[in-house]
Amino acid sequence: MLRVLLSTLAFSFVSHPAMALDLPVFLKDKVYSTDPSKCGDATEDDSLQLSEEGVFGLEFGCTFLGFEVEADKDTGQVYLAVARANCGDDSGINRPDQITLIPQDENTVTVQSQNEFVISEAQLLLSQRLPENIKLDEEFPNYVSRDYKICK
């Protein structure tokens with residue numbers, strides 16, 4: 001009976017995507033920016049910088065606390081990472097966030113975040129059809145979905 005239970009447990013772990021709480025390989029020792037021409041100090045302009053420490057910009061920052069990584073079980077290639085983060089701005093208020101990191105290729109990572117300030121906007125999006133002319137970053141500024149390009 002114990003052998004059946006152990007083999008069932010072993011099979012269930014093998015059949016799921018790989019999960020880990022460590023740094024995704026596409027972030028290790030790399031820096032990305034929403035504006036690669038402004039790579040470096042994100043405190044001087046409106047660009048955002050992404051690194052293994054978190055996402056930072058002028059009067060804003062999210063520090064990564066841990067990751068869950070999904071990868072292809074055969075190749076090990078990471079196709080999605082979810083970061084737990086502590087975010088704050090110049091108001092002094094910190095809040096938790098969950099940030100999705102999706103590598104598009106070796107030079108681009110899409111970052112998506114939705115914090116508690118956008119609950120009403122999310123409900124609006126779910127209850128109504130989104131007009132084609134609405135751009136999320138302009139109409140719903142607390143919803144973040146941006147591409148970050150690698151700094152060279």
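Please treat every number below as a calculation from the coordinates, not as lab data. Every value quoted in this text rests on a predicted model; they were computed, and no experiment measured them. Cβ coordinates were reconstructed from backbone atoms using ideal geometry, including for glycine residues, and neighbour counts include every protein chain displayed.
Observations on the structure shown:
- Long-range HN-HN contacts of G54 with modeled amide H, under 5 Å: F64
- Near F67, once Lys and Arg are set to +1 and Asp and Glu to -1 for all other residues with Cβ below 14 Å from its Cβ, the sum equals -4.
- For K38, the lysines whose Cα falls under 24 Å of its own Cα, not counting residues fewer than eight places away in the same chain, are K28, K30, K135, K149, K152.
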